[in-house]
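The values are calculated or read from the model by the stated rules, or taken from the named source; none is laboratory data. No experiment lies behind these values; they were computed from the predicted model shown. FYI the Cβ positions are ideal-geometry reconstructions off the backbone, even for glycines, and counts take in every protein chain you see.
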Amino acid sequence: MPPPAPSSTADARPIYIGTLVALLVVASLSVLIYQSMVRGAIQQHSAQQLAMVRTAAIGLEGELRGLTALLRQFNSLPSVQNLDIPFLGTRIAASFDTNPGATVRYIVRIDAGRQLYSWAPSGELRQRGLAVDEDAEQWAWFSNVANRGRTRIIRAWPGVNSEPRYQALAMPVWRTAPSAEILKPSNDFNGVIAFVVDLDQLVERYMGPALSELAADGLVAGLATRDYGVRIGPGTASAMPGSPDQHNHTEAQGTSILDDQSGRRIHAWAQLPVADETWLVASSAQYRLVASQIQRSATGQLALIGALLVGVPLVGWLLARRERRAHEGRRLLERQFAESQKMEAIGRLAGGVAHDFNNMLTAILGYASLLSEDAPPGSPVRDQANQIRRAAENAAALTHKLLAFSRRQVLQTNQFDFTVMLDGLVLLVRRVIGEHITVTADAEAGLWPVLADPAQVEQSIVNLAINARDAMPEGGRLTIVARNAPRPNGEQRPEGDVRPGSYVQITVTDTGTGMDEATRARMFEPFFTTKAPGKGTGLGLSMVYGFIQQCGGHISVTTAPGRGTTVELMLPRATEAATPTPTPTPSSPPPTGAHETILVVEDEDAVRLLAVESLSRAGYQVLAAASGEDALRVADGFDGTIDALLTDVVMPGMKGPELARRLRAARPSIRVLLMSGYAADVVTKDDLKEARLLSKPFASGTLTKELRKVLDQPLSPGSLPKG
């Protein structure tokens, strides 16, 4: 017969037993770990209690030692030794300016005849000459010369410290100090001096704060003397007297676990010597409350672990995202800085080229004008001179745009109302871009006045309209909108931050082809254009960019292929009401001179010779110099009146504005006409208060007309002509 097949129960029994054993092991380890944690918590709590009672004992002992020292010092006073009643109250009040916590309630003096006097620390006499029946043994101790200078605890005086909570720190009095009545003290025993101390106040002051911190443990603390005990807790609200501690503590300090009517308690104590006896500071906390803290702590640990499992990955993700954003921000700043450096370098190059070109174009344009004037009507020479002049004017327009981009042009800044400008601007834009594009405009009611060069604002919007026209060959819509834009805290933008302030926001929006990111990144570069050769110079947007930057504004572009383009101009707000823009006067024929003397200062020979010839033809007497230093020497050597100074701004050595200031100091009546094609870094607003600026290049007639305006303007107040 084959053996019976093993049952499933038999097969599972080892698994059950192994699982049970594992559960028992885990349970045993859990119990051991829990007990270890409880013991650790008990030890930690016991150490905290012991530290608390030791701190309280040290504080109590220190205060009692201080009172003993004060009592000994007080005992040396003649008014105390001889019981001089009129002066004693004053002495008491002076000695107890501070009585923290009302520790000392009364000051008692018993004379040799056992007559009792008591004072409050304020010096107020409360009892006078009360006969007391002092304990014979106690009185003998005080009158014993061997106890002279020692202290002792006294417990019962009628009406003074008869309450159990009052303990008196007493010291014998021996007359050793002379007074007015006793000039030669007999060095004999004269009673007792004592400070009556409130034990309840002492315990509350030294143990109350610690009880407040450990109130959750049900902590009870107190002070035990030989005849009285003070117990407070839990917390400081339930102060009540208790019996002196009955535990036999042989050690000066320590902790133990006691069983009493309230159950098991963790007990800590510390002893302190007071006069001729020992006091005990003790505390006790319920064992179950301390143990329950372990359970709460274990639950808190589990919650902490769960929070960490969720929180750590979350914090890591947040930190990673913040680092990624910070990295992107740094890359953006680096890109902005590199773009700014590139544009600044291009601007310096453009400004330098424009400066040199303007000097050459001045000579070309000026001499072409002179040739045209000298040639007879209908002469081929006149036509050729006019062709040269027109070519020079076109080149001058290019250099003007380069100066605008490089922010080296001199702006005629004024405050104006853009709403008034907008109507005429719309008509101009419609003529420029054609009828196949719909132009609409809107300005916010109460639009702030703008502080900028009105001509440059108008030219900038026309340039943007021309670009929009080229982006909408089949027609479309162009919208110009003006709004107030307060930015008190500034604004962060990818293309650069907007500085805090108030602005007028002008947006020009088209429905054209838009731009991709590569084109948008280079759109402000000079000579960069997406148009076919011969269709554009690539300087229109460069001029707009330079002008907006120079006047303290901000420009930003929003665009995408097939979604059109929006250009936003942020122009600074004028702080005062707008002033009307002067209406240009019709041009007049070049004026002739009145034989005034003009000092011409120019380092470029061709420009200087052109100016000298043009002014000489107009009837002026001309003095010429190639530098500022040379001009000062010429002026010093000329005895007549110099009516006007025509000087270049940027010259080697002394600059034009400095030369003008020095000449005006010597000749207050001299007028000044500055000329330059690159003056933004040199000419200031203060310089233009007493002078006019003529931009290069210029024709001969323009020079004489501007000079005539300078000569005809009135002298500033205080200017006196040189005699």
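Among the residues here, LEU707 does not qualify as at pLDDT 70 or above, outside any loop (DSSP other than H, G, I, E, B) and more than 23 Å from GLU373 (Cα to Cα).
Among the residues of region 161-177, is any out of contact with any Ser or Thr (no Cβ under 6 Å at 6 or more places or on another chain), assigned to a loop (DSSP other than H, G, I, E, B) and within 13 Å of GLY191 (Cβ to Cβ)? Within region 161-177, one or more residues are out of contact with any Ser or Thr (no Cβ under 6 Å at 6 or more places or on another chain), assigned to a loop (DSSP other than H, G, I, E, B) and within 13 Å of GLY191 (Cβ to Cβ). If we scan region 147-166, do we find a residue that is within 26 Å of ARG65 (Cβ to Cβ) and within 60 Å of the chain's Cα centre (by Cα)? Yes, some residue in region 147-166 is within 26 Å of ARG65 (Cβ to Cβ) and within 60 Å of the chain's Cα centre (by Cα).
Conditions (1) among the hydroxyl-bearing types (Ser, Thr, Tyr); (2) assigned by TED's automatic domain parsing to the domain that holds ASN190; (3) more than 28 Å from PRO241 (Cβ to Cβ), marked per residue:
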| residue | (1), (2), (3) |
| --- | --- |
| LEU83 | no, yes, yes |
| SER95 | yes, yes, yes |
| VAL108 | no, yes, no |
| SER118 | yes, yes, no |
| GLU134 | no, yes, no |
| ALA140 | no, yes, yes |
| ILE153 | no, yes, no |
| ALA168 | no, yes, no |
| PRO172 | no, yes, yes |
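Within region 607-631, which residues are surrounded by 18 or more Cβ atoms within 10 Å (Cβ to Cβ), in contact with a strand residue (DSSP E or B) (Cβ under 9 Å, 6 or more places away or on another chain) and in a helix (DSSP H, G or I)? Passing the criteria: VAL607, ARG608, ALA611, VAL612, LEU615, GLY628, ALA631. Counting only strands (runs of 3 or more DSSP E) that sit completely within region 79-154, those holding 2 or more residues that are of a type in the set (Gly, Ala, Ser) correspond to 125-131.
Filter region 238-281 for residues that are modelled with pLDDT of 80 or more and closer than 19 Å to ARG155 by Cβ and give the result. Scanning region 238-281 gives LEU272, PRO273, VAL274, ALA275, ASP276, GLU277, THR278, TRP279, LEU280.
Would you say GLU458 is without any contact (Cβ under 8 Å) to a residue 60 or more places away in the chain and touching a helix residue (DSSP H, G or I) at 6+ places or on another chain (Cβ under 8 Å)? Answer is yes for this residue. Tell me whether region 398-416 contains one or more residues that are touching a helix residue (DSSP H, G or I) at 6+ places or on another chain (Cβ under 6 Å), in a helix (DSSP H, G or I) and either modelled with pLDDT of 85 or more or among the β-branched types (Val, Ile, Thr) (or both). Yes. Using the structure shown, decide if ALA631 is assigned by TED's automatic domain parsing to the domain that holds LYS696 and closer than 17 Å to GLY656 by Cβ. Yes: the conditions hold for ALA631. With the structure loaded, tell me whether ALA170 is of a type outside the set (Lys, Arg), touching a Lys or Arg at 6+ places or on another chain (Cβ under 6 Å) and surrounded by 15 or more Cβ atoms within 10 Å (Cβ to Cβ) or whether it fails that test. Judged against the criteria, ALA170 is a match.
Conditions tested, residue by residue: (1) within 30 Å of ILE364 (Cα to Cα); (2) modelled with pLDDT of 85 or more; (3) over 50 Å from the mean Cα position of the chain (by Cα).
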| site | (1), (2), (3) |
| --- | --- |
| LEU610 | yes, no, yes |
| TYR620 | yes, yes, yes |
| ASP636 | no, yes, yes |
| LEU646 | yes, yes, yes |
| ALA660 | yes, yes, no |
| ALA665 | no, yes, no |
| ALA680 | yes, no, no |
| LYS689 | no, no, no |
| GLY723 | no, no, yes |
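Being among the aliphatic types (A, V, I, L, M) and over 25 Å from ALA574 (Cα atoms) narrows it down to one residue among VAL432, VAL481, VAL426; which is it? After ruling out the rest, the residue left standing is VAL432. Restricting attention to region 63-78, the residues that are charged (D, E, K, R) and either touching a helix residue (DSSP H, G or I) at 6+ places or on another chain (Cβ under 8 Å) or not in a helix (DSSP H, G or I) (or both) add up to 1. Filtering region 369-389 to residues that are small (Gly, Ala, Ser) and touching a residue at least 40 places away in the same chain (Cβ under 8 Å) leaves only SER369.
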